[in-house]
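Report on the following structure.
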Amino acid sequence: MKKKVYLLCLLLLTLSSSIWAQQQISSKVDSIYQSLNDKERVGQLFMVYVNSEEESDPKAVDSLIKEYYLGNLLFSTGTAEAMRLRNVLKFPWNMTLGAVRDTALIKELGYRIGLHCKRIGVHINFAPVVDINTNPLNPIIGNRSFGSSAQEVTKRAIAFSKGLDSAGVLAVAKHFPGHGDTAVDSHLALPQVPHSKERLKEVELYPYEKLIEQGLQAVMVAHLSVPAYQKSKSDIPASLSKEIIQGLLRKELGFEGLVVSDALNMKGATANIEVDPALEAFLAGNELLVFPADYKKSFTSVLMAYRKGTIREKQMATAVKKILQLKWNNGLFENPYVEEARINEDLAAPEDFILNEKLVEQSLTVLKNEGEALPLSPAKNIVYVPLGDSDHQTFFETLNYYGAIEKVELQTDIDAQTKEKLAQDD
C-alpha cells in the first residue's frame, strides 16, 4: 500500500555536475513557476505545523492544502507513520556527540538519520544546531549544542550536514546568528545577544562562515536581538531584520541558499511587532515561513502584499523557485509517495544500533582519575552515585561485573561505615 505525501516537503539531492542538466532543471522549474497563480505561489512559501497523532483530523490539513494552497508541512509527535517518532531508536544528544572525537561517526549519524527521514517522507531536517554553548544559564540550547568551542562545534556540524546531504535530505543550520549565549527562551520572549561584532565573528558566526564555505544550502534565522548588527531596529528579532538577513547573512557571509524562519508562533517573533510576523519575515528576506500562528491570516497578509506590489515579483520568484527547485531535485514531481510496508523495520536496522553503540562508547570521557580508580577492579572499594532522573539499574548491574559495587543516592549522606570501607583497599 502506498501513502500519498503530496508535493509538500523539501528535499535536496546532489545536483548534476552537468551544466546542461542544470539548465534543463532550471527551465522546468521556471515553467512550473510561470504556471502558478498568485495564491499558489504564496502557498509555496509556508510550512504549517500538523499534529500528526492518529486522532488528528486529516480533513483539516486537506482544507489548508486545497483552499489555501499550502506548500509544505511540519510534522510533530506520533509514530513512524506520523512523524516525531516515539517508537524508534534515539541517538545521543548533540552534547554527547561533542565528546565523540571521530567526526566520521558523526557524518555516518547524519547519513543514517537522513535515511530515516527519507523513509517516512521527510525531506528537510532542521539540523544541525550550531549554537555555541557558552552560557550555562541558557534555558533552551544546552544539550542541543555540540559544545562550547566554536571550532569543535563547526567540525561536527560540517560532518553531520554532509551526512544528511549524502542521504538526500536538506540540512538547515540554526539558530542564526547564534542562540548559545542567551539566558532567555525565544519561545517565551525576545533574547538579546549583546556582544560586539568582533566577538560575534569569532564565536557565534564562525560555524556559519565555515559551513557556507562547505556548501551549506539552508539557514534558519532565530528570534534574537543582536544590537551590534541591528543599528536601526535593535528591538525586533533578527528573523524580521533586513540588517541581519540581507546585510549580515547575504552580503557579509555570502550565503545564497534558502533562508528559513524559526517558528513564527514563538513569542520572540511577535515581540514589539504589531503587524503580521510572517509578512515581516518575508519582507526581511526569509523564504520559507515556518509555523505561523494563524496560517490563513498570514497567507492573506502575504497575498495582499504581493498583489499590491509591496512584495516585488523578483523576491517572490526567487523564493518560490528555490523551493520548487529543491522539490524537483528530489523527484517529488515524479513520485510523491512513501511505501508503508516494513517501515518500522527499516527505521531500526542493525546498522543503527551498531552506530549508536559506537557513539556512546566514544563519548565516554574521563575527567579525573585520582588514585588510579580506573580501570575498575575487584581489588578496589567503589560506590556508584547515580545522577539525573533516568533509570540507572542497567548501568549499575553492568558495573557489578567488575566487583561488588555499592549504590549510594546523592541526596543522602554516605555513612561513616561506608566511608571507612572506601578508605581501605582489599
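The values are calculated or read from the model by the stated rules, or taken from the named source; none is laboratory data. Computed from a predicted model, the values in this text were never measured in an experiment. Here the Cβ positions follow ideal geometry from the backbone for every residue, glycine too, while neighbour counts run over all protein chains shown. For accessibility, only protein heavy atoms count, side chains too; no ligands or nucleic acids. Shrake-Rupley method; radii C 1.70, N 1.55, O 1.52, S 1.80 Å.
For this structure, a couple of remarks:
- The criterion of at least 3 residues that are surrounded by 19 or more Cβ atoms within 10 Å (Cβ to Cβ) and touching a Phe, Trp or Tyr at 6+ places or on another chain (Cβ under 8 Å) is met by the following helices (runs of 4 or more DSSP H) wholly inside the stretch 292-358: 295-308, 313-329.
- Taken as a whole, the stretch 157-172 holds at least one residue that is modelled with pLDDT of 95 or more and closer than 25 Å to T270 by Cβ.
- Given (1) assigned to a helix (DSSP H, G or I); (2) at pLDDT below 95, number of the condition L7 does not satisfy: (1)
- Selection status of K162, over 30 Å from A104 (Cβ atoms) and either touching a residue at least 12 places away in the same chain (Cβ under 8 Å) or out of contact with any Ser or Thr (no Cβ under 8 Å at 6 or more places or on another chain) (or both): no
- Any pair with Cβ under 7 angstrom, 6 or more apart, that starts in the stretch 270-284 at a residue that is modelled with pLDDT under 85 and ends at one that is among the charged types (D, E, K, R) and surrounded by fewer than 19 Cβ atoms within 10 Å (Cβ to Cβ): N272/D235
- Answer residue from the stretch 186-206, given it is touching a residue at least 12 places away in the same chain (Cβ under 8 Å) and farther than 17 Å from I141 by Cα and is least open to solvent (accessible area, probe 1.4 Å) among those: L200
- Within the stretch 107-131, tally of residues that are of a type in the set (G, A, S) and over 22 Å from I354 (Cβ atoms): 1
- Qualifying residue in the stretch 111-132 (condition: among the hydroxyl-bearing types (S, T, Y) and either free of Cβ contacts under 8 Å to residues at least 40 places away in the same chain or outside any loop (DSSP other than H, G, I, E, B) (or both)): yes
- For the stretch 24-82, the set of residues classified as assigned to a loop (DSSP other than H, G, I, E, B) and at pLDDT below 95 consists of S52, E53, E54, E55, S56, D57, T77, G78, T79, A80, E81, A82, listed by residue number.
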